[in-house]
1. With the requirement that a residue be open to solvent by less than 30 Å² (accessible area, probe 1.4 Å), among the small types (Gly, Ala, Ser) and more than 16 Å from ligand 1 (Cβ to nearest atom), what does the stretch 126-148 give you?
2. Taking the condition of being farther than 21 Å from Thr314 by Cα, open to solvent by less than 50 Å² (accessible area, probe 1.4 Å) and more than 16 Å from ligand 1 (Cβ to nearest atom), how many residues in the stretch 215-241 meet it?
3. Test each condition in (1) open to solvent by 40 Å² or more (accessible area, probe 1.4 Å); (2) closer than 15 Å to Asp271 by Cβ for Asp432 and report the one that comes out false.
4. In this structure, is Glu35 open to solvent by 20 Å² or more (accessible area, probe 1.4 Å), assigned to a loop (DSSP other than H, G, I, E, B) and charged (D, E, K, R)?
5. Cβ-Cβ distance below 8 Å, separation of 6 or more or different chains: which pairs start in the stretch 374-401 with a residue that is farther than 23 Å from Leu285 by Cβ and end on one that is open to solvent by less than 50 Å² (accessible area, probe 1.4 Å) and among the acidic types (Asp, Glu)?
6. Would you mind telling me which numbered condition in (1) over 18 Å from the mean Cα position of the chain (by Cα); (2) within 16 Å of ligand 1 (Cβ to nearest atom) Pro170 fails?
7. So the check is Cβ under 9 Å with 6+ separation or different chains; which pairs have a first residue in the stretch 153-177 that's closer than 14 Å to Val75 by Cα and a second one that's among the small types (Gly, Ala, Ser) and within 16 Å of ligand 1 (Cβ to nearest atom)?
8. Return yes or no: is Leu113 away from ligand 2 (no atom under 16 Å from the Cβ) and in contact with a Phe, Trp or Tyr (Cβ under 8 Å, 6 or more places away or on another chain)?
Amino acid sequence: MHDNPESIAFFATSDFSGLVRGRGVPVRNLPAFLESGCGWVPADQALTAFDVIGEGNPFGASGDLRLMPDPATEVRIVDDAGRPPWHFFLADIQTLDGDPWSCCARFFLKSALADLEERFGLGLSVAFEHEFTLLGDPAPAPGFSMRAFRREESTVTAIITALRAARVPPEMVLPEFGQSQFEIPLSPAPALTAADRAVVFREVVRDVAERLGRRATFAPKVRPEAVGNGVHIHFSFVDSKGRPVTYDAEGPGELSAPAAAFAAGVLRHADALAALTAPSVVSYLRLKPHHWAAAFACLGRQNREATIRICPSTRTGRDPAAGHHLEYRAADATASPYLALGALVRAGIAGLEENLPAPPLVDTDPADLDPAACERLGVRPLPGDLAAALDALAADKVAMGWAAPDFWACYLAMKRSEWAGLADYDHVALCDAYARVY
Ligand code: GLU
Ligand code: MG
């Protein structure tokens, strides 16, 4: 089938708000646009999820940039709904000189991954696991039930079909604990590919639901009392030959020394990280104790209340090193996958730089520990709201070194505007506002 010569390819960036914005170019001129990119504006990065330009951002009305599509990320989906093909590329943001822009979220991740590889010889394999809610379910069905699955099977199958067309391979489908809540874990991939796929995944799920007259949302809470929608980032390390190096039978939690140091770095910077991985006002309605949402900075084996869970592989005669990995649980889909994963890698590198020892293993619910045990195990609650998380980020001198000053000035200005703009919202209104956008 030939494209309509007037069809459009979209150059897309996942920005600081975690939303995907960009511009369309005529497919008839695509070869030229692939070379030159298209224009873009710095102040976009200062837009909140509610389209308010963050007050005090460093850009104002001036400046010009290029959105440079990465040909490897091309997606073209033709569905049967009589719509034009959905054709897009994920883009990097460059200056007019062709350098990476200091505030490009994808570059933030790329440069962290390059450091991890160049300085420590480590590659990262990553799988994003998203939960989302299909709104407007006619009747409740039990959590995890086949009935819940069967009721939404046609929608979920359409989603899976579109994901395959978008080259985002799903691993399985889970009816989740919450009403009309689903999870579709993605297969592990090299970290940048995994983050690209997470960006595409959210767009595809929302688009397919909309095409079927439904609404899918990744908002961390759809109602104050609802089960939260988390994003779990599973990761493991490989050496320069691609061999798994997360496992060591003798290490605490069977973690290798580099995996343990990385985890210790993540926990040391967990408060600052929260501002990037749980980056919205509503994130903190989810990040509560006893909700499997990981409200405490700690490391635990198979512990779903820990910020980092050690996930062992099955013990059925397979090499235990192959599946052994870590899971960062304090993230949600209001975060750009590039910022969340990039910050995780930067915090891990900080741990590797100091060769930090393995953090104590916490194998109970950290909320049930008394203060003395918390002290002994180094367990502390993550920030209680977005304002506290942003203050922790701004106060973390190491974190402030992970990107250029205008990156942080823009991010903090945008997020503080988001916080201020929602100050009068009660919890129901907050959930509604985010569910409409994410
Ligand atoms: N829904 C939980 C969250 O908000 C996670 C449950 C699970 O472990 O799958 O993160
Ligand atoms: Mg889940």
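1. Result: Ala141, single match.
2. Residues that pass the stated criteria total 1.
3. (2)
4. Here the answer is no, as Glu35 does not meet what is asked.
5. Asp396/Asp271
6. For Pro170, the failing item is (1).
7. Close Cβ pairs satisfying both conditions: Val168/Ala198.
8. Values: away from ligand 2 (no atom under 16 Å from the Cβ): yes; in contact with a Phe, Trp or Tyr (Cβ under 8 Å, 6 or more places away or on another chain): no.
Answer is no for this residue.
The values are calculated or read from the model by the stated rules, or taken from the named source; none is laboratory data. All values derive from a computational prediction rather than experimental measurement. Reconstructed Cβ throughout: ideal geometry from the backbone, glycine too, with neighbour counts over all protein chains shown. Please note that ligands, DNA and RNA were not included when accessible areas were found on the heavy atoms of the full protein model with its side chains. Shrake-Rupley method; radii C 1.70, N 1.55, O 1.52, S 1.80 Å.
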